[in-house]
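Q: The structure's right below; bear with me while I get my questions together.
Each value in this text was obtained by applying a stated rule to the coordinates, not by laboratory testing. Quantities reported herein were computed from a predicted structural model and do not represent experimental measurements. Every residue, glycine as well, gets a Cβ built from its backbone with ideal geometry; the counts of neighbours run over all protein chains shown.
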């Protein structure tokens with residue numbers, strides 16, 4: 001009979017009804033460890049690994065153990081293209097059920113192709129009572145055998161569910177599943193405790209994926225030589241330096257992200273995957289209860305901003321986004337060689353603050369004069385309005401007083417291309433020949449940002465005052481409060497270093513930069529130069545060009561002295577022509593810009 005099993009007790013073999021083991025009460029041996037099969041069974045070798053770098057539970061070791069027990073039990077896995085194997089790597093048994101592991105799921109959906117599932121150990125299959133209950137029900141429904149090469153206690157364990165009338169296999173399986181779940185919880189508690197202690201160890205890295213810009217390295221002998229720490233990753237640091245350099249040169253965070261993607265620079269998540277020999281991309285958030293699978297992950301403004309605002313760049317350890325502090329309230333360092341100094345970190349933070357304000361006010365990226373053009377009557381900004389119903393009509397800048405909830409006595413509007421051309425011509429006429437300069441703001445050192453963050457952390461901690469019911473909890477609460485208080489006192493004692501400005505000639509002119517810039521770049525040039533165009537309400541009539549008497553073009557800011565100097569070098573036109581005009585010629589006298597209507 002196919003599937004007949006024999007229970008071996010020393011030299012005696014006892015076979016029960018239906019060819020299944022007949023277990024007697026007089027037997028003092030573990031019946032599962034003595035099970036062998038008289039006929040060859042078709043098995044599936046199941047391999048699972050939580051961490052790819054764990055050599056103690058490597059796939060090769062699991063295969064070897066499964067092959068050994070399969071040879072003893074007369075179970076085959078097939079060969080070549082007919083090999084029956086489920087390999088799920090980088091998958092946690094505590095967090096995923098057998099039906100959430102792609103390779104194993106493929107075999108669970110095809111039960112007719114085999115007779116037994118063979119695992120190395122219990123924890124390779126499950127670490128949850130609920131998951132084992134589901135797996136046992138599945139095995140009983142489909143009459144399968146579950147084999148563990150090294151069960152709890154060291155010996156192999158075989159659970160034969162081919163007889164639906166025998167509940168013993170299911171009972172014993174549940175008892176062992178309880179032990180496995182208890183063991184998993186104990187391991188989790190021990191690991192959590194060890195990680196909490198390691199977090200407070202200066203320079204000690206506990207493992208897992210390091211922050212972008214760093215790589216794990218053996219602890220230097222000068223710092224004890226025990227365990228691992230973090231050191232700067234040269235390739236990633238070059239990317240961070242590129243990002244900071246472009247931001248300081250005036251690029252927006254969105255432009256920096258687009259440039260990195262265009263140059264195929266790996267994002268932090270894909271960079272780590274490459275280093276670990278894994279596939280790029282993976283799951284990311286989608287609608288509630290859903291996931292989006294991406295082949296690769298791109299650089300985004302959010303990724304860059306989050307990375308540059310993280311204190312990890314100055315070497316601080318973080319836990320749940322907050323600094324890890326010692327008993328004195330000082331931040332615990334994760335590396336002896338931080339990527340940025342405090343001054344550099346604060347400097348790029350100031351740049352990001354400035355960019356975020358600017359980006360928050362931009363609502364129409366197609367308008368050259370956004371934040372430049374204003375209504376002369378109410379002083380409010382004008383916005384480009386495209387009338388979809390009139391496709392042949394040019395866009396118009398209009399006073400937006402209704403959206404602001406303001407009242408405007410004489411709201412103005414002007415054709416968009418006329419206003420754009422006028423501002424471009426006036427801007428290049430006044431500042432085009434002026435040479436551009438790169439101005440770098442060096443904020444120096446200000447303890448205020450860290451002090452404010454520590455004060456906020458202290459205020460949040462104070463909310464828990466009096467909620468501790470034990471003396472130990474109260475003591476730990478007070479210990480944390482004292483540490484934060486010490487840190488605030490130390491920061492208050494530090495002196496502030498005033499910011500400085502470094503001005504460098506670029507060798508280019510505003511006209512050169514204008515010609516090379518795109519729409520967003522030109523708009524940024526106008527805003528940084530302090531350009532403003534005020535528009536008065538127009539008069540009725542069939543105007544074919546801009547009535548310059550309606551507009552007032554001004555430049556306010558650091559370019560004023562250069563504009564005045566350039567204007568003084570221009571030769572004033574003579575009021576009387578040196579020669580008589582040619583016969584039939586006409587002269588048009590241009591009115592000053594901003595003349596009243």
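Q: Tell me, in nm to one decimal, what length is gained between residue 417 and residue 208 on full extension, where the rule is 0.36 nm per residue of separation less the Cα-Cα distance?
A: Details: separation 209, 0.36 × 209 = 75.24 nm, distance 5.59 nm.
My answer for the length gained is 69.6 nm.
Q: Using r as the Cβ-Cβ distance of residue 219 and residue 79, and R0 as 51 Å, what FRET efficiency do you calculate, to the nearest 0.05?
A: Working: r = 46 Å, r/R0 = 0.91.
The calculated FRET efficiency here is 0.65.
Q: Now for a different question. Expressed in nm to one decimal, what extension gain is obtained for the pair residue 489 and residue 440 from 0.36 nm per residue of sequence separation less their Cα-Cα distance? Write out the running numbers ahead of the final one.
A: On the way: separation 49, 0.36 × 49 = 17.64 nm, distance 3.19 nm.
Full extension from residue 489 to residue 440 adds 14.5 nm.
Q: Could you list 415, 124, 467 in order of exposure, starting from the residue whose Cβ has the fewest other Cβ atoms within 10 Å? Before the final figure, lay out each step's value.
A: On the way: 415 17, 124 22, 467 9.
Going from least to most buried by this count: 467, 415, 124.
Q: For the pair residue 310 and residue 565, what calculated FRET efficiency results from E = 1/(1 + (r/R0)^6), where r is the Cβ-Cβ distance and R0 = 45 Å, to the nearest 0.05? Could you put the intermediate results ahead of the total?
A: Details: r = 45 Å, r/R0 = 1.00.
In this case the efficiency is close to 0.50.
Q: On to the next question. Assign one of three labels to the stretch 202-361, namely rounded, prolate or oblate, based on the Cα gyration tensor with a ≥ b ≥ c the square roots of its eigenvalues; rounded applies when a/c is under 1.5, prolate when it is not and a/b is larger than b/c, and oblate otherwise.
A: Numbers: a/c = 1.70, a/b = 1.26, b/c = 1.35.
Because a/c hits 1.5 or more and a/b fails to exceed b/c, the stretch 202-361 counts as oblate.
Q: Given the Cα-Cα distance of residue 544 and residue 520 and 0.36 nm per residue of separation, how much length would full extension add, in nm? Kindly include the intermediate steps, with their values, before the conclusion.
A: On the way: separation 24, 0.36 × 24 = 8.64 nm, distance 2.80 nm.
Roughly 5.8 nm would be gained on extension.
Q: Please compute the contact order of the stretch 447-495 in relative form: average sequence separation of alpha-carbon pairs under 8 Å and at least six residues apart, divided by the residue count, as a percent.
A: For the stretch 447-495, the relative contact order is 63 percent.
Q: With each pseudo-label sitting 7 Å past Cα toward Cβ, what's the residue 258-residue 448 distance in nm, one decimal?
A: In this crude label model, residue 258 to residue 448 measures out at 3.4 nm.
Q: Could I ask something else about it? What nm value, rounded to one decimal, do you get for the distance between residue 143 and residue 341 when each label is placed 7 Å out toward the C-beta?
A: In this crude spin-label approximation the distance works out to 7.8 nm.
Q: Can you give the FRET efficiency to the nearest 0.05 for residue 456 and residue 500, using r as the Cβ-Cβ distance and R₀ = 41 Å?
A: Numbers: r = 29 Å, r/R0 = 0.70.
E(calc), rounded to 0.05, equals 0.90.
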